[in-house]
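Below is one structure, written out as structure tokens; the observations come after it.
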Amino acid sequence: MTTFELTRLLPADHFAQALRADVRQGLTADAKWLPPKWFYDKRGSELFEDITRLPEYYPTRAERAILTERAKEIASVTRARTLVELGSGSSEKTRLLLDALQSLGTLESYVPVDVSESALHEAGRQLAAEYPALAIHGVVSDFTARLGLPRAVQAPKLVAFLGGTLGNLLPEERARFLTALRADLAPGDALLLGTDLVKDPAVLVAAYDDAAGVTAEFNKNVLNVLDRELQAGFDPEAFEHVAHWDAEQEWIEMRLRSRRAQRVAIPALGLEVDFAEGEELRTEISAKFRRDKVATELAAASFALRHWWTDPEGRFGLSLAEPV
Ligand code: AVJ
């Protein structure tokens, strides 16, 4: 019999408080910025799903191709009883891992962890119907703040962090995140990590500035979130979507560029924010990796890279690492 339960690890007002703190900090900084996690309200999560189907946005398809090819091997190497998925979103690629672990016969429970309660509900409901033997325990959490896995998860566990979301963190945030994650793993557990790879900048920029304008809408949606949650006065159309390749840092930066000089009120924070014409607000970095960089960052957090797979075109990397 399927069980589906949902745990909120954070106090009820965590997201409201964190949003306020982030917006105050980011929009009063000299170079304005917002953390990408605020993209993902219901509309933002839907827009991201649309992005994954765009012809220009290759990472989802490339990662799925690797998982299709390697799921069986991942299952037999890890023999996981629990699959934990960080930033699970719609849990779409998860089925490949669930199927492989279920065929092997080791899998007992699935623990999706996400900031979006609506995405967890939706995915949990569907997966519960598809996997009647599986215990599903959704966790609403902010894994950039704390991971906080339910204590009771059966070992060995496989923690999957897919899609390239690690790249949304700055290098020092990645180091902190991987170290905290490592502390939650024991010998025999494993980490499955998806990372987008450095490639032709034109291909990268197109993936973040698609012809249909879906990514532009996704980017501007963060302003709708601020308008709704903080009664802010942003007009999303007063900003232009920008996708910039930073060749030195090897990351894509998404920005919102003010089309004109404007002052935006954020009453919930008692704040008025001035934008000069052409001023840019950074909304996301999406770092691109090379194998060596992944191995080095993992090693710095006491993980050993055991397997490294890419899609046939070498666009995306999937790592299987163990605690050491
Ligand atoms: C879900 C974080 C992996 O960085 O490629 C897609 C989000 N941003 N298009 C990424 C995103 C713009 C995506 N991740």
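The values are calculated or read from the model by the stated rules, or taken from the named source; none is laboratory data. Because the structure is a prediction, the values reported are computed rather than measured. For neighbour counting, all protein chains shown are included, and Cβ atoms are generated from backbone atoms with ideal geometry for every residue, glycine included. Side chains included, ligands, DNA and RNA excluded: accessible areas come from the protein's heavy atoms. Shrake-Rupley method; radii C 1.70, N 1.55, O 1.52, S 1.80 Å.
Things worth noting here:
- Dipole moment magnitude, nearest 20 debye, the range 148-209 about Cα centre, only Lys, Arg, Asp, Glu C-beta charged: 300
- The H on the amide N of S141, modeled in the peptide plane, is under 5 Å from the matching H of D114, V115, each at least 5 residues off or on a different chain.
- Helix 59-78 axis, angle to the chain major axis (alpha carbon atoms, nearest 10°): 30
- Calculated P(r) of the chain - Cα pairs past 38 Å, %: 13
- Electrostatic dipole magnitude of the range 42-84 [Cβ: Lys, Arg +1; Asp, Glu -1; Cα centre; debye, to 20]: 260
- The accessible surface of the chain, taken with every protein chain in place and a 1.4 Å probe, is 50 percent carbon and sulfur.
- ³J(HN,Hα) computed for each position of the range 318-324 - Karplus, 6.51 cos²θ - 1.76 cosθ + 1.60, integer Hz, glycine/proline x: 10, 10, 10, 10, 10, x, 10
- All C-alpha pair distances within the range 6-103, sorted into 5 Å bins from zero, spread as 2, 10, 14, 16, 15, 14, 14, 8, 4, 2, 0 percent across the bins.
- For the chain, a crude dipole built from +1 on the beta carbon of Lys and Arg and -1 on the beta carbon of Asp and Glu, taken about the Cα centre, is about 880 debye to the nearest 20.
- Using the Cβ of R263 as centre and a radius below 13 Å, the other residues enclosed give a net charge of -4, where K and R count +1 and D and E count -1.
- For the chain, the longest principal axis of the alpha carbon atoms and the long axis of helix 291-300 meet at an angle near 80°.
- For the chain, the 222 nm mean residue ellipticity estimated from helices alone, with every DSSP H stretch of n ≥ 4 adding -39500 (n - 2.57) and the total spread over all residues, rounds to -11500 deg cm²/dmol.
- Evaluating 6.51 cos²θ - 1.76 cosθ + 1.60 at θ = phi - 60° for every residue in the range 102-119, the Karplus couplings come out as 6, 4, 5, x, 8, 6, 10, 9, 10, 10, x, 10, 8, 6, 9, 5, 5, 5 Hz, glycine and proline recorded as x.
- Rolling a 1.4 Å probe over the heavy atoms of the protein chains gives the range 136-266 an accessible area of 39 Å² per residue.
- Legend: Rg and Dmax of the range 1-59, from Cα coordinates, 16.3, 55 Å.
- Selected from A12, A123, V77, residue furthest toward positive end of dipole (the range 1-157; charges at beta carbon): V77
- Around A128: net Lys/Arg minus Asp/Glu count, Cβ-Cβ under 14 Å: -1
- Relative to the dominant Cα principal axis of the chain, helix 171-183 is inclined by about 30°.
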